[in-house]
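Enquirer: Just dropping this structure here.
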Amino acid sequence: MKKLVTNAILALIILSLAACEEKTNSATLEVSPTTLHFESKGGTQVFHITSDTQWSISTPEPNIWISPTSGYGDKDVQVGVAATTNPAAVTVMLMVQTDDGSVTRNVQVEQDGVLESGEILTVTNNTHITFEGAAHSTDSLTIISNVPYEMTGPEWVEVNTKGGFAALSRTVPVTGSGSVDLKIRAASRNDSETDRQDVITLCKNLTGELKIDIPVTQLGRHRVQPNIMVPLANALATDWKCGSDVTQFHVKLYEGQPDVSSITTEDVAKWTIGKPGSLTSWSNLKENTAYYITTVGLDEAGGYFSVNSLGAMTRSGQQQALATISNVANDGTKWTWATTMNEYCTAYFVWCSTNKNYFSSSDAAMAWRFNALLHGANAEKYPVVQKNTTWSSKGTSDIQIITWGVSGSSTTSGLIGRYKTAEAASRQQQRQHDISCEMSPIDMETFRQSFIRIK
């Protein structure tokens, strides 16, 4: 009798487990449509999830923006794809999965390459080339083309073709074909006080069709101007391009365009000193405001030369993507923290460092550096994150954590999320409308290596 009871109980347990398993595997998850097709110019489309459970979406491709990336039940999901410069078509998968992992569905995202149809000749990275004043100051042109092309321009510009640099000409074109990252440089030093200015012309061979004119400048010997400017809503950072005789320069940020004719040497003497190769940033600025970065070059003798003023616009502080950092804690072995995207944030970058050299860097200076990494050769090492999550990093040293939100239009935000432990925070100096000049040469490899592993 006891054996029968035992067997009966065992049978009930087995039936109960089978019922639980059946319930676990009964989650509903369907997607429609299962394929989204985009042209090379990108855009936004929607697919629908039908479900009775919690789910999340992931993708290996950082240039696809998904909103929302997780949810419960039925939902429309928006998928945004940035414009591409890839010559060929690309296909990636979005993976939609129940939180328990029992059901997975895929949505295939296809995007045409820029060379899918028709004749293409375009330059994707430069609308105006500016060389420094020294000989062999370099830049590049990223040419996307499916037709043979020819390039003409001033003889003081050289292009790297067929294994070496050759001077451009207005009468004998440099020819090429296909897509290429073409290195270009100034052939010689500019010893004039004024800038050299001309135009590089690209067009389809023999026909002159698909013509592109690219202005090109080589700075005069004492000229200074911003190079790559990265604006935030309340801050701005830039590096510099300088004429061949510039050893240092004075710099001042004006709100609104200054009357440069009224600036005196006494005024300039009160400005902040900068040096070639340095990174300069301004904090506590007004949002959506035009500022003018105004410089005066100096030579070794300390003589002042012409005033140069270039405008920059800070970004909006409203409706900006932000991934907030919260619940930061250390258990004696590792740091942990949570990131939460606001309603305008479809993705974000996150990085952290214990390198005290960057604790006092402004938000804009950090954004400038990270922007350089995102556009560098190893950009794929810094993937965008598309969901709220908890992070951890081994160690107990003082730390700073930074996030940079991305909006549905695939642009980085005007706001930076930042957390610093007590020692790190004490090193940050915020001075009203003051300038932070990081005078040592910008070393991106050291900055990249300062990142600590997070997971």
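The values are calculated or read from the model by the stated rules, or taken from the named source; none is laboratory data. Source: prediction; values computed, not measured. Glycine gets a Cβ as well: all are built from the backbone with ideal geometry, and neighbour counts include every protein chain shown. Note: areas computed on protein heavy atoms with side chains; ligands, DNA, RNA excluded. Shrake-Rupley method; radii C 1.70, N 1.55, O 1.52, S 1.80 Å.
Enquirer: Per residue of the stretch 450-455, what does 6.51 cos²θ - 1.76 cosθ + 1.60 with θ = phi - 60° give for ³J(HN,Hα)? Whole Hz please, x for Gly and Pro, Karplus curve as stated.
Expert: 6, 5, 10, 5, 10, 8
Enquirer: Same structure, new question: Relative contact order for the chain: what is it in percent, counting Cα pairs under 8 Å that are at least 6 residues apart?
Expert: 12 percent
Enquirer: Sticking with this structure for a sec: At a threshold of 8 angstrom on Cα-Cα distance, excluding pairs fewer than six apart, so keeping six or more, what relative contact order does the stretch 177-322 reach in percent?
Expert: Details: 300 pairs, mean separation 34.3, N = 146.
Dividing the mean separation by the residue count of the stretch 177-322 yields 23 percent.
Enquirer: Also: So how strong a dipole does the stretch 236-337 carry about its Cα centre when Lys and Arg Cβ are +1 and Asp and Glu Cβ are -1, to the nearest 20 debye?
Expert: About 360 debye.
Enquirer: From the phi angles alone, apply the Karplus equation (6.51, -1.76, 1.60; θ = phi - 60°) to the stretch 136-144 and give each ³J(HN,Hα) in whole Hz, x where the residue is Gly or Pro.
Expert: Those phi angles translate into 6, 4, 10, 7, 8, 10, 8, 9, 10 Hz.
Enquirer: Under a point-charge model restricted to the Cβ atoms of Lys and Arg (+1) and Asp and Glu (-1), what is the dipole moment magnitude of the stretch 151-208 relative to its Cα centre, in debye to the nearest 20?
Expert: Charge dipole of the stretch 151-208: 280 debye, to the nearest 20.
Enquirer: How big is the gap, in Å, between the Cα center of the stretch 303-380 and the Cα center of the stretch 148-217?
Expert: Distance between centres, Cα-based: 36 Å.
Enquirer: Can you give the net charge of the other residues whose Cβ lies under 10 Å from the Cβ of LEU232, counting K and R as +1 and D and E as -1?
Expert: Around LEU232, the surrounding residues sum to -1.
Enquirer: OK, next. Net charge within 12 Å of ILE212 by Cβ-Cβ distance, Lys/Arg positive one each and Asp/Glu negative one each, not counting ILE212 itself?
Expert: Taking every other residue near ILE212 into account, the sum is -1.
Enquirer: Follow-up. What is the distance, in nm, between label points placed 7 Å from the Cα along the Cα-to-Cβ direction at THR207 and at ASN378?
Expert: Once both label points are built, they end up 4.3 nm from each other.
Enquirer: Note down the net charge around PHE165, summing +1 for each Lys or Arg and -1 for each Asp or Glu among other residues with Cβ under 14 Å from its Cβ.
Expert: 0
Enquirer: How far is helix 363-374 tilted, in degrees, relative to the longest principal axis of the Cα atoms in the chain, given as a value from 0 to 90 rounded to the nearest 10?
Expert: 80 degrees
Enquirer: Sequence-distant or interchain residues sharing an amide H contact under 5 Å with LEU182, placed H: which?
Expert: Amide H neighbours of LEU182: LEU141, THR142, ILE143.
Enquirer: For the chain, what proportion of DSSP beta bridges, expressed in % and rounded to the nearest 5, is antiparallel?
Expert: For the chain, the DSSP antiparallel bridge percentage is about 95.
Enquirer: Continuing with the same structure: Can you list residues whose amide H is under 5 Å from ILE200's amide H, if they're 5+ apart or on another chain and H is modeled 1.01 Å from N?
Expert: Long-range HN contacts for ILE200: ILE214, VAL216.
Enquirer: Also, I was wondering about something else. Assign unit charges at the C-beta atoms only (+1 for Lys and Arg, -1 for Asp and Glu), then state the dipole size of the chain relative to its Cα centre in Debye, rounded to the nearest 20.
Expert: 1240 debye
Enquirer: On a 0 to 90° scale, report how tilted helix 2-24 is relative to the longest principal axis of the chain, with both axes built from alpha carbons and the result rounded to the nearest 10.
Expert: 30 degrees
Enquirer: Per-residue accessible area for THR59 at 1.4 Å probe radius, Å² rounded to 10?
Expert: About 30 Å², rounded to the nearest 10.
Enquirer: What is the set of long-range amide H partners of THR389 at a cut-off below 5 Å, with H atoms built 1.01 Å from backbone N?
Expert: THR339
Enquirer: For the stretch 241-251, in order, what is each residue's ³J(HN,Hα) by Karplus, 6.51 cos²θ - 1.76 cosθ + 1.60 with θ = phi - 60°, in whole Hz (x at glycine and Pro)?
Expert: 10, 9, x, 5, 9, 7, 9, 7, 8, 9, 9
Enquirer: Normalised by the residues of the stretch 62-128, what does the relative contact order come to in percent, with Cα pairs under 8 Å and at least six apart?
Expert: Worked out over the stretch 62-128, it gives 26 percent.
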